Amino acid sequence: MSSVCFYFQVHQPFRLRHYTVFDKSPNYFDEFKNASICRKVANKCYLPTNRLLLKLIRKFDGKFRVSFSVTGVLLEQFAKYCPEVISTFDALAQTGCVEFMAETYYHSLSYLYSRTEFEAQIIKHSGMIEDMFGQTPRVFRNTELIYNNDLARTIESMDRFDGILAEGADHILGDRNPNFVYQPPGCEKLKMLLKNYRLSDDIAFRFSNRHWKEYPLMADKFARWINHVNGNGQVVNLFMDYETFGEHQWEDTGIFDFLSHLPEEVLKHPDNDFLTPTQVIDRYEPAGVMDMPHIVSWADTERDLSAWLGNAMQSNALHEVYRMESLIKEAQNEHLMADWRRLQTSDHFYYMCTKYFADGDVHKYFNPYDSPYDSYINYMNVLNNLRRRCVSKSESGAKAAPTG
Amino acid sequence: MLGWEFPPFISGGLGTACFGLTKAMSNMGIEVLFVLPRPVEQTDQTHVRMLTPKSTPSGKEVHYEYEGLRNVQFLAVESMLSPYASPEYYKEKLDEVLREKRQVGQMSGAEAEERAFGAHEEMHYAGDMFSEIHRYANSAVGLAAAEDFDVIHAHDWMTYPAGIAVAAVTGKPLVVHVHSTEFDRSGEHVNQPIYDIERRGMHAAEKVIAVSHLTRNTIISRYGVTGDKVEVVYNGVDRNGDSRIMPRSGIGGDEKIVLFLGRITMQKGPEYFLMAAKRVLEEIDNVKFVMAGSGDMMNRTIEMAAEMGIGHKVLFTGFLRGEDVEKVYQMADLYVMPSVSEPFGIAPLEALNHDVPVLISKQSGVAEVLTHVLKVDFWDVNEMANKIVAVLKYPPLQLTLREHGNFEVRRLRWQDAAQKCARVYSELMVHV
């Protein structure tokens, strides 16, 4: 039996506006840029792909299934800039063939810095998914698939989740196979799904690469690769950014044709089916314990934290933002809290990455700044202003206290 | 190779570039005959130490040999301007003289050291500037007749007439190397005779080498040279071998230093540096701005600092050399090059070599090759100040810039520049 489990990551950060040390305004975010990027990606990717998925689910009468993890910060932007995207996600949710997973609302690295903040953001995100799509997430995926044993234990102890996702690259797994369900060490209930990075990346990265020997990739060929897993695994986890469809791989690469023919080709083999993560967990027993003591992620070739924590600027910025936690919480002001949490989104730190910067690669494509240095300067200027606002808030609060 | 300045007779990047390039060529086994218009008899101690005379024939030529430059032979042509006691100022003086020609009556006093030469003396030589260049051309033709070579490589406009003449006499291909154009030096107020010489040189050459794409664009759009004739060869930098263990210390303990190092002329944008300094001082106080260099805008710049009320925060050191340059780099927390127009800009590479992070204007050729630096439009004073404050305020920024910048600068090697020139040569030699 080969089950195909699609999971799409859907996320856009609140990008900062240009903010110099001389700025005093409490408006940190670039409304215009965020709105235009949100609408652009909605038109190129989110709307057409959602519509296509809806059509496919109807066509295959519930046999085609997918799952999403949509961040809270993007859902907020949809509500503001293109609410029709939420309607199409909701329509998908209503089919019963689409599962929404849990993550940190702010797509943050809070797991590494503050466990209270981490859990609070997960709960906030699950609440939003319930409100919008009427489902309670049962499977958790951490920002950028950052994972280790300890994360699994933390998630199990929250008593809300049955499963967790992780990266399954060769150098992490060794000779183990990502096409089974595993259990993290020390966990009794929580099961673990591993990304089949080769097949996932064939779609997400190599699809339009003309120098790739498999180019052009057609649905029937891809289905044959999935069939090969039969007998050597139970589930093929295809995890990727949702923007793969129409944004990273443009429409003219044929990515939509590929997607629209894939269910048919996969289902031609009688042993194949499509499952959502919760269904995978319900159906398959763990093939063993998967020990991952060191932190892994799905980023770059290193699959580690170096994209967000690879230089002194990044570690300083992260350290500084989490150092403000008590200050923010004491201020008891929802605006300060919202601004602070939006500043935790991992993208801000990704923009500061100096790795490969000189070579001009994928990092540059996603970066609204000219250089990692510019992004650090901008971020720190904003953070300083936020701190100043907190201090002045708590000072005025302290003055008010004796009288009250 | 026809040049105008060579270490230690230098005032700017041209001499440094000629040194780096010929050294790398020498290592590649390319034989270089370098012709210089130098008042070589007037040697002072700094270069006597470095030069070892190979032969001193009577007449107008003097041969020199540099240690480490075994394939480079130097021919120095006696110069009219030899009375200058300090040859390092040679080119600077010439620039100044020319500028004075343009701004008759508006001559601002130069720095104290230079004033010693006396204005009337400068005016006396000013009139001879162009005939001087032609004298150099004549001498070069004379020398060329006695030498055997394959390609003529002329550096900057003053040597173009010589290059053209030698090419005409010998029929050898001419390459002109553009380190700077009149538009960089003078903005839109170009000196027509200089422009004409530049244009003639570029058109007469079979290949034009530009130090950046920025300069290449100027050559194509302002001088009407066809694009396929212009190659870009970036400058490099020599890694300084001495690992100084001296601690980096500020002037007054925690006082920060922001450094401007270069000629204080219109081209280098000193007024933008001051305007940014003023903005910075609104935000932080424990900082000093050091302006190291001299030039025709020096007095105006000093006045301007005073008018802006930041005179006590801006220090003028005059022209620095040797150890003083090392010292000022060691004190600096940030090097700023706010140039209005900079064909390349070797100085930021040297700053990076000295572990000083740099902020450069986007209107510089070096901005095309450096990524681990801060970049700003020269006119965007607010952003310049923002970035200066950030470097002074956020130590991890300074650290990351320094570490990556120092590493990046190692990849800009003269060896690569020399190889590119050699490729240009071999193409031309196939043609012939």
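The values are calculated or read from the model by the stated rules, or taken from the named source; none is laboratory data. Keep in mind the model is a prediction, meaning the values are calculated, not measured. Virtual Cβ from ideal backbone geometry, glycine too; neighbours counted across all protein chains shown. With ligands, DNA and RNA removed, areas are computed over all heavy atoms of the protein, side chains included. Shrake-Rupley method; radii C 1.70, N 1.55, O 1.52, S 1.80 Å.
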If a residue has to be under 26 Å from the mean Cα position of the chain (by Cα), more than 14 Å from chain A (Cβ to nearest Cβ) and open to solvent by less than 70 Å² (accessible area, probe 1.4 Å) to count, how many in the stretch B:412-429 make the cut?
8
Filter result for the condition that a residue is touching a His at 6+ places or on another chain (Cβ under 6 Å) and of a type outside the set (Asp, Glu), over A:ASN177, A:ASN209, A:ASN227
A:ASN227
Verdict on B:ASP377 being surrounded by fewer than 16 Cβ atoms within 10 Å (Cβ to Cβ) and at pLDDT 95 or above:
yes
Hey, among the residues in the stretch A:317-350 that are surrounded by 20 or more Cβ atoms within 10 Å (Cβ to Cβ) and polar (S, T, N, Q), which one's farthest from the other protein chains (Cβ to nearest Cβ)?
A:THR345
Sole exception among (1) more than 24 Å from B:ALA210 (Cα to Cα); (2) more than 14 Å from chain A (Cβ to nearest Cβ) for B:ALA390, by number
(2)
Can you work out which of the residues in the stretch A:157-201 that are acidic (Asp, Glu) and under 24 Å from A:ASP300 (Cα atoms) is surrounded by the most Cβ atoms within 10 Å (Cβ to Cβ)?
A:GLU167
Exactly one of A:SER2, A:SER69 is at pLDDT below 95 and open to solvent by less than 10 Å² (accessible area, probe 1.4 Å), and that one is A:SER2
Can you list the helices (runs of 4 or more DSSP H) found entirely within the stretch A:4-97 that contain at least 3 residues being farther than 25 Å from A:PHE222 by Cβ?
A:31-41, A:72-81, A:83-94
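If we only count helices (runs of 4 or more DSSP H) wholly inside the stretch B:293-389, which ones have 2 or more residues that are under 23 Å from B:GLU408 (Cβ atoms)? Walk me through how you get there before you give the answer.
On the way: elements: B:298-307, B:323-331, B:347-353.
The helices (runs of 4 or more DSSP H) meeting that bar are B:323-331, B:347-353.
Determine which member of the set A:ILE155, A:ILE146 is in contact with a Ser or Thr (Cβ under 8 Å, 6 or more places away or on another chain), within 22 Å of A:LYS195 (Cβ to Cβ) and β-branched (Val, Ile, Thr).
On the way: A:ILE155 fails: in contact with a Ser or Thr (Cβ under 8 Å, 6 or more places away or on another chain).
Step by step, each of A:ILE155, A:ILE146 is checked, and only A:ILE146 is in contact with a Ser or Thr (Cβ under 8 Å, 6 or more places away or on another chain), within 22 Å of A:LYS195 (Cβ to Cβ) and β-branched (Val, Ile, Thr).
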Pairs where the first residue, in the stretch A:96-107, is at positive phi and the second is assigned to a strand (DSSP E or B), C-beta under 7 Å, 6+ apart:
A:HIS107/A:THR345
Going by the structure shown, is A:LEU52 farther than 19 Å from A:HIS107 by Cβ, touching a Cys at 6+ places or on another chain (Cβ under 9 Å), surrounded by fewer than 21 Cβ atoms within 10 Å (Cβ to Cβ) and of a type in the set (A, V, I, L, M)?
no
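Please indicate, with yes or no, whether at least one residue in the stretch A:155-169 is outside any strand (DSSP E or B) and in contact with a Cys (Cβ under 8 Å, 6 or more places away or on another chain). First the steps, then the outcome.
Applying the first criterion (outside any strand (DSSP E or B)) to the stretch A:155-169 yields A:155-162, A:167-169.
Now drop any that are not in contact with a Cys (Cβ under 8 Å, 6 or more places away or on another chain), which leaves A:156.
So far as the stretch A:155-169 goes, yes, one or more of its residues are outside any strand (DSSP E or B) and in contact with a Cys (Cβ under 8 Å, 6 or more places away or on another chain).
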Within the stretch A:95-129, can you find the residues that are under 14 Å from A:ILE146 (Cβ atoms) and β-branched (Val, Ile, Thr)?
A:THR104, A:ILE122
Does A:PRO270 satisfy being assigned by TED's automatic domain parsing to the domain that holds A:LEU194, in a loop (DSSP other than H, G, I, E, B) and surrounded by fewer than 20 Cβ atoms within 10 Å (Cβ to Cβ)?
yes
Go through (1) without any contact (Cβ under 8 Å) to a residue 24 or more places away in the chain; (2) open to solvent by 40 Å² or more (accessible area, probe 1.4 Å) for B:ARG239 and report which single condition fails.
(1)
Note on B:LEU370: of the conditions (1) within 14 Å of another protein chain (Cβ to nearest Cβ); (2) surrounded by fewer than 17 Cβ atoms within 10 Å (Cβ to Cβ), unmet is (2)
Tally up the residues in the stretch A:278-311 that are within 14 Å of another protein chain (Cβ to nearest Cβ) and open to solvent by 30 Å² or more (accessible area, probe 1.4 Å), please.
2
From the option list A:PHE256, A:PHE207, single residue qualifying as among the aromatic types (Phe, Trp, Tyr), part of a helix (DSSP H, G or I) and open to solvent by less than 70 Å² (accessible area, probe 1.4 Å) is A:PHE256
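Sort out for me the helices (runs of 4 or more DSSP H) sitting completely within the stretch B:176-226 that have 2 or more residues that are farther than 12 Å from B:PRO343 by Cα. Quick ask: steps written out before the conclusion?
On the way: elements: B:182-186, B:192-204, B:213-223.
Qualifying helices (runs of 4 or more DSSP H): B:192-204, B:213-223.
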Return yes when A:PHE357 is modelled with pLDDT under 85, buried (at least 20 other Cβ atoms within 10 Å of the Cβ) and over 18 Å from A:HIS335 (Cβ atoms) and no when it is not.
yes
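Just the residues that are of a type in the set (A, V, I, L, M, F, W, C) and crowded, with 23+ Cβ neighbours inside 10 Å, please, taken from the stretch B:392-411. Outline the logic, then answer.
Keep residues of the stretch B:392-411 that are of a type in the set (A, V, I, L, M, F, W, C), which gives B:392, B:397, B:399, B:401, B:407, B:409.
Correct list: B:LEU397, B:LEU401, B:VAL409.
Of the residues B:LEU359, B:LEU349, only one is within 17 Å of B:VAL280 (Cβ to Cβ) and either more than 10 Å from chain A (Cβ to nearest Cβ) or in contact (Cβ under 8 Å) with a residue 12 or more places away in the chain (or both); which? Reasoning before the result, please.
Values: B:LEU349 fails: within 17 Å of B:VAL280 (Cβ to Cβ).
Selected residue: B:LEU359, the only one of B:LEU359, B:LEU349 that is within 17 Å of B:VAL280 (Cβ to Cβ) and either more than 10 Å from chain A (Cβ to nearest Cβ) or in contact (Cβ under 8 Å) with a residue 12 or more places away in the chain (or both).
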Check off (1) within 14 Å of another protein chain (Cβ to nearest Cβ); (2) within 24 Å of B:GLY295 (Cα to Cα) for B:LEU320 and give me the number that stays unchecked.
(1)
Could you tell me whether any residue of the stretch A:167-174 is in contact with a helix residue (DSSP H, G or I) (Cβ under 9 Å, 6 or more places away or on another chain) and under 22 Å from A:ASN272 (Cα atoms)?
yes
